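The values are calculated or read from the model by the stated rules, or taken from the named source; none is laboratory data. These numbers come from a predicted model, not from an experiment. A quick note on method: Cβ atoms are made from the backbone with ideal geometry, for glycine too, and the neighbour counts reach across all protein chains shown.
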Amino acid sequence: MGQHAGYTLRDVFHVLFKHKWIILAFFSTTFLAGTAFALAFNVTLYQATAQILVSPGREHLSDFTVSASAAVPPRLSFDLDEQAARTISMLTGRYLSEQLVHNIGARKLCREPMRWSIPVLGKPVCDPKLDDESLADRVVGQVQDNIHAERVGNAALVNVTFRHTDRALAAEVVNALGNLYLERHLGVLKDPRGEDFLQTESSALKQRMSQAEKDLEVFKLDNGIRASIKEDQSLIAAELVALETQRNELLSRAADEASRSGRRAGPGNSQLLVDMRNRLLDLQRKEVELASRLGDRNPDLVALRQDLRNTELAIAQEERAHHQGEVGALRASQAALLSKISELKRRSQALDRAEPEFTRLAQRLQVDQQNYRLYQAKAEEARVSSAMDAQKIASIRVIDSARPPMRPLASKTSLIVFLAAVFGILGGIVIAFVLEIFADRLETAERVESILDAPVLASIPVLRFK
């Protein structure tokens, strides 16, 4: 029959007393099961912790300079939040866990999650019958589940922890994980092909530079360029100035000699003229002496004067011939100078025509030399960077290495047992009331009056005979 609500406190106690054995049985079963479960999974774990500093460094510098003609300053690409998130993701990722298992050993790292092996729950994790590959795959997941990393507030620090039943092994794993992360960090940010690329480009640029030098030297030999066109032009200009000065001097001397040749007397430098002038002076002295002693009609004086006139005429003719020879020599020198000047001007014009090609070849050689030196410098930087990577010199570093923990982690056995006890009591009570709801008997006068809405005149207790 149906029953509606209306339980009194006495009814509640009646139900609980009536189903006390059911409640006690459910509580005992739940409590014992919870206790067994807690004890089975109560594995003593030790947690080792290391601290990693995240800061910008050389590996975050991006140098996009690939040509000396387009130098670009290096750019620092570093974001603390992004780097911290990347660090946590890499530390807890599968790749580093696989490296840990490979380096330390799967059988050494493997541990059972339960204190006792329960066949119904599955085979042991560290089953000796498993092959190394299958065991390693299991242990990688187990190791990854026990690695935890988190950022310390807003600081540039990341704490990384690992849990294991062996406290020394827990510290070893954390420290090994830090070293593996440093290698992984440098490997991710560095292009392994960069150094080979720089070496290849450097060799190619060296060949191009050698070819450019040969082309420039051949062009200089073909065009008679000694050093450079500007230097050769400067030398030609200076030589032209000197030649023009000499030409002007020759022109002046030639004009002077030409004017002298038109006069009766003039200085001369030849020995013949010197002798003739000395003879003229002797004749003039003799004329003066004879004129003072003899008359003008004296035959000796007349002959002397005739000889004097002949000597003067000979001197004048000799002087004219001498000046004409000087003028001819000066004109010949002037012609030679004009020829040389013309040759230098033609040479200057030829250099002007060759200047564009020479400039192109020189600029090509200069660019190749600059690029070669740039790639050589970058190759050296890459070599130094590789050496620093080999020594694990980076901005990311472990500032606090893990040490074997002295105390294990707090156990949750008491909490599990307490929850099992609470669940057992509450569950037993719920079962008792569920059974009472579906029961078809009214066992107390109060329930009869409540359900039937009629007074109870008498009640006959249950007699227990002994």
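Name the helices (runs of 4 or more DSSP H) wholly within region 1-99 that hold at least 3 residues that are modelled with pLDDT under 80 and among the charged types (D, E, K, R)? I'd like the intermediate steps shown before the answer.
Working: elements: 9-18, 20-40, 80-91.
Once the helices (runs of 4 or more DSSP H) in region 1-99 are filtered for at least 3 residues that are modelled with pLDDT under 80 and among the charged types (D, E, K, R), what remains is 9-18.
Is it the case, given these coordinates, that Q199 is more than 25 Å from the chain's Cα centre (by Cα), part of a helix (DSSP H, G or I) and surrounded by 13 or more Cβ atoms within 10 Å (Cβ to Cβ)? No. Every listed requirement among (1) assigned to a helix (DSSP H, G or I); (2) at pLDDT below 70 is met by R309 save one, (2). Say whether the condition of being at pLDDT below 90, assigned to a loop (DSSP other than H, G, I, E, B) and not small (G, A, S) is met by at least one residue in region 168-189. No, the conditions are met nowhere in region 168-189. Among the residues in region 395-402, are any modelled with pLDDT under 80, touching a Pro at 6+ places or on another chain (Cβ under 8 Å) and not assigned by TED's automatic domain parsing to the domain that holds N159? Yes: region 395-402 contains one or more residues that are modelled with pLDDT under 80, touching a Pro at 6+ places or on another chain (Cβ under 8 Å) and not assigned by TED's automatic domain parsing to the domain that holds N159.
The C-beta contact set for region 224-240 (first residue touching a residue at least 24 places away in the same chain (Cβ under 8 Å) and surrounded by 12 or more Cβ atoms within 10 Å (Cβ to Cβ), second residue in a loop (DSSP other than H, G, I, E, B) and of a type in the set (V, I, T), distance under 7 angstrom, 6+ apart or interchain) comprises D232/I225. Of all residues in region 263-286, those that are under 20 Å from D300 (Cα atoms) and part of a helix (DSSP H, G or I) have Cβ atoms under 8 Å from Cβ atoms of residues that are modelled with pLDDT of 65 or more and of a type in the set (A, V, I, L, M), 6 or more apart or on another chain, in L280/L308; L280/I315; L283/L304; L283/L308; Q284/L308; K286/L304.
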